[in-house]
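My questions will all concern the structure given below.
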There are 2 protein chains.
Amino acid sequence: MRKGEETRTRILDVAEAAVLQKGFGGTSIEELIAETGITKSGFFYHFRDKNELAKALLNRYIENDERIYDEIFNRARELTGDPLQSFLIGLKLLSELLSDLPNGHPGCLVAGICYYERLFDREIQEINRNAVLAWRRRFGRMIRDIVAVYPLREPVDVDQLADMVSSVLEGGIVLSKTLKEPNTLAEQVLMLRTFVKMLFLPVAEMPKASSGSAFHGGAEPH
Amino acid sequence: MRKGEETRTRILDVAEAAVLQKGFGGTSIEELIAETGITKSGFFYHFRDKNELAKALLNRYIENDERIYDEIFNRARELTGDPLQSFLIGLKLLSELLSDLPNGHPGCLVAGICYYERLFDREIQEINRNAVLAWRRRFGRMIRDIVAVYPLREPVDVDQLADMVSSVLEGGIVLSKTLKEPNTLAEQVLMLRTFVKMLFLPVAEMPKASSGSAFHGGAEPH
DNA sequence: TGAAAACTGTACCGGCGGTACAGGAGGGGA
DNA sequence: TCCCCTCCTGTACCGCCGGTACAGTTTTCA
């Protein structure tokens, strides 16, 4: 019983890394058993087929993901009672965590599976869907707490704003991976933070209309 | 010469739909030739291997993508000379185009390939990277035009703001696909539009602090 | 009309997902 | 001590797939 769990975990570890680099279709079972040092029969003892491996992988990934968000935003809530401030602090902590990843974000399994869709059964697609809905509920809850205290400066739908957090994270991961710029993801989260700040806080008075060109980014001569 | 191009295009059409539904690894060449009504030899006459198919597919996708953006934002520029207004109109047009897609957005090949990464050669990864950099340049150019006229109400980096457009699009596609809610993508683009608006325009005066709960979204009893 | 372009047909290879099944090591409870 | 259960190994096999090789055929158009 103990030994079995350990082997199973080792397979999942190897599989997760492989799937995030090559997708499900690009990851062969033979390659997984080679790296885990197990036989093919051993693999199929733990997982009936590739679909069940995907399911286990996805469930584990989502669980871990939720745990991380819980930690970050609970920590943020410990630091202040104000719902807006704790949300903003949470986003800051999240961006720091993301920029501390040594090789950049490895990729999101939810997105990976969404781009592999048709080869999995309805159950997996449902698990994936529920994970995204859980994000919507999580961030929606926090935003509703804010709205109860701060007036919204522009008419936006709370659930859509909650989805924006997921959008920017998923999109930021794609950009970061494609550009091979690990920092892009963290920067995008901070941009979202700026948006949230502007939606609920009065803008600081303009310092002196210095006509544009103040906050330009890197040079882009082309 | 003419006939060859036509067959090639037909293969690419079939392949694009398949790849967006199942990923590259999940798409078999045999399945492509079956649907195109061509033989295996015929397929390999047009494409040396799967990698070259991917390259052609990606290049065509990016080209088409650029064309669509050109059309939308040129059209927006025809409607007004003001850089901010034309950008906002462009985003509105984009969201309308996205919400008019009958079955929702089919998925972005750039993201699909980014999640399949390791199985392609450096060249493809470079094409992908350049596509994202082109988006950054495109939106960055428009934002710089705005910044030259309107003061930024919060200190944000222009390139990071430009990347936010790509982030929200890519993330919105993932959310839309996973949730099977075609509208989510268009809504996310409009959220981004609100952000851009707030960054450059003074906020409308608050109507009367009716203490929150004004713009709540759908009920979320959990 | 003739050469090049655009294929078809056939045969083959090795890798992969998956199945089937027999058997064995090791530990824990009766 | 014995037996059973968990956790594997080993072997053999199937059919699909990506890819190669190459000879031959039809279509196109200059």
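So how long is each side of region A:50-200 along the principal axes, counting just the alpha-carbon atoms, biggest first, in Å?
48, 31, 28
Oh, and also: Quote the FRET efficiency, to the nearest 0.05, computed for A:R60 versus B:K3 with a Förster distance R0 of 60 Å and r equal to the Cβ-Cβ distance. Display every interim value, and only then the final one.
Numbers: r = 51 Å, r/R0 = 0.85.
That pair, A:R60 with B:K3, gives E of 0.70.
Follow-up. Shortest first, in nm, what separates the label point of B:R67 from those of the same position in the other copies (7 Å along Cα→Cβ)?
4.9
Also, quick follow-up: Given the rotation relating A and B, tell me which residue in A puts its Cβ closest to the axis and the distance in Å.
A:G25, 1
Continuing with the same structure: Compute the Rg/Rh shape ratio of region B:1-130: radius of gyration over Kirkwood radius, all on alpha-carbon atoms.
On the way: Rg = 17.5 Å, Rh = 16.5 Å.
Rounded to two decimals, Rg/Rh equals 1.06.
Suppose R0 equals 41 Å; then what is the FRET efficiency for A:A17 and A:E154 from their Cβ-Cβ distance, rounded to the nearest 0.05?
Approximately 0.45, to the nearest 0.05.
Would you work out what percent of the accessible area of region B:41-101, with all protein chains in place, is carbon or sulfur (probe 1.4 Å)?
Working: 1500 of 3130 Å².
Looking at region B:41-101 in its full context, I get 48 percent from C and S.
Follow-up question, since we're still on this one. Could you tell me which residue out of B:A18, B:F47, B:L32 lies farthest along the dipole of region B:1-47 toward its positive end? Charges go on the beta carbon: Lys and Arg +1, Asp and Glu -1, centred on the Cα centre.
Among B:A18, B:F47, B:L32, the one farthest towards the positive end of the dipole of region B:1-47 is B:F47.
Another one. Using r as the Cβ-Cβ distance of B:D70 and A:R10, and R0 as 45 Å, what FRET efficiency do you calculate, to the nearest 0.05?
Working: r = 50 Å, r/R0 = 1.12.
Working from the Cβ atoms, E equals 0.35.
Based on the alpha-carbon gyration tensor of the protein assembly as shown and its eigenvalue square roots a ≥ b ≥ c, which shape applies: rounded if a/c is under 1.5, prolate if not and a/b is larger than b/c, or oblate? Can you show the working numbers first?
Values: a/c = 2.04, a/b = 1.29, b/c = 1.58.
It comes out oblate by the Cα gyration axes.
Could I ask something else about it? Could you state the number of Å between the C-alpha centres of region A:92-155 and region B:22-75?
Using only Cα atoms, the two centres lie 30 Å from each other.
Below 16 Å, Cα to Cα, which aspartates and glutamates can B:K92 reach? Residues fewer than 8 away in the same chain don't count.
Filter leaves B:D70, B:E71, B:E78, B:D82, B:D100, B:E187.
Right, another one. Taking the Cα centre of region A:1-47 as origin and charging only Cβ (+1 Lys, Arg; -1 Asp, Glu), how large is the dipole, in debye to the nearest 20?
Details: 6 positive and 7 negative charges, 31 e Å.
So the magnitude is around 140 debye.
Let me ask another. Along Cα→Cβ, 7 Å out, is where each label goes; now give me the distance between the ones at A:N51 and A:K180 in nm to one decimal.
3.8
For region A:172-182, take each phi angle, set θ = phi - 60°, evaluate the Karplus expression 6.51 cos²θ - 1.76 cosθ + 1.60, and give the result in whole Hz per residue in order, putting x for glycine and proline.
x, 5, 4, 4, 4, 5, 5, 6, 6, 10, x
Also: Return the subset of B:K3/B:K177; B:K3/B:K55; A:K50/B:K40 for which the Cα-Cα distance in this structure is over 30 Å, preserving the input order. Intermediate results must be reported in sequence, preceding the final value.
On the way: B:K3/B:K177 35 Å; B:K3/B:K55 21 Å; A:K50/B:K40 28 Å.
As for pairs spanning more than 30 Å Cα to Cα, those are B:K3/B:K177.
Could I ask something else about it? For region B:1-47, what's the radius of gyration and Dmax over Cα atoms, in angstrom?
10.3, 31
What are the nm distances, shortest first, from B:T7 to its equivalents in the other copies, labels at 7 Å along Cα→Cβ?
5.0
Any idea of the accessible area per residue across region B:49-200, 1.4 Å probe, to the nearest Å²? Don't skip to the end; give the middle numbers.
On the way: 5660 Å² over 152 residues.
On a per-residue basis, region B:49-200 sits at 37 Å².
Give the nm distances, rounded to one decimal, from A:T80 to the matching residue in every other copy, measuring between label points 7 Å along Cα toward the beta carbon; shortest first.
From this label point to the equivalent ones elsewhere in the assembly: 3.4 nm.
In region B:1-95, which trypsin sites (Lys or Arg not before Pro) are in a loop and have at most 10 other Cβ atoms within 10 Å, using DSSP for the loop call? Mind showing how you got there, number by number?
Numbers: sites: B:R2, B:K3, B:R8, B:R10, B:K22, B:K40, B:R48, B:K50, B:K55, B:R60, B:R67, B:R75, B:R77, B:K92; in loops: B:R48.
Filter output for region B:1-95: B:R48.
Could you work out the relative contact order of region A:50-200? I mean the mean sequence separation of Cα pairs under 8 Å and 6+ apart, divided by the number of residues, in percent. Walk me through the intermediate numbers first.
Details: 134 pairs, mean separation 45.7, N = 151.
Computed over region A:50-200, the figure is 30 percent.
Only Lys, Arg, Asp and Glu count, each charged at its Cβ (+1, +1, -1, -1), so figure out the dipole size of region A:50-200 about its Cα centre, rounded to 20 debye. Kindly include the intermediate steps, with their values, before the conclusion.
Working: 20 positive and 22 negative charges, 13 e Å.
Once rounded to the nearest 20, the dipole reads 60 debye.
Here's something else I'd like to know. Residue-wise, which Karplus ³J(HN,Hα) couplings in Hz belong to region B:26-40, taking 6.51 cos²θ - 1.76 cosθ + 1.60, θ = phi - 60°, and x for glycine or proline?
Karplus-based 3J(HN,Hα) across region B:26-40 equals x, 9, 9, 5, 4, 5, 5, 5, 4, 6, 7, x, 10, 8, 4 Hz.
Quick one: buried accessible area between B and A, total over both chains, 1.4 angstrom probe, nearest 100 Å²? Numbers along the way, then the final one.
Working: alone 13920 and 13930 Å², together 20630 Å².
Adding both sides of the contact gives about 7200 Å².
Calculate one ³J(HN,Hα) per residue across region B:191-200 by plugging θ = phi - 60° into the Karplus curve 6.51 cos²θ - 1.76 cosθ + 1.60, and present them in order as whole Hz with x for glycine and proline.
Once θ is set to phi - 60°, the couplings for region B:191-200 become 5, 4, 4, 4, 4, 4, 4, 5, 5, 10 Hz.
The values are calculated or read from the model by the stated rules, or taken from the named source; none is laboratory data. This one's a predicted model, so the numbers in the text were calculated from it and none came from an experiment. Virtual Cβ from ideal backbone geometry, glycine too; neighbours counted across all protein chains shown. With ligands, DNA and RNA removed, areas are computed over all heavy atoms of the protein, side chains included. Shrake-Rupley method; radii C 1.70, N 1.55, O 1.52, S 1.80 Å.
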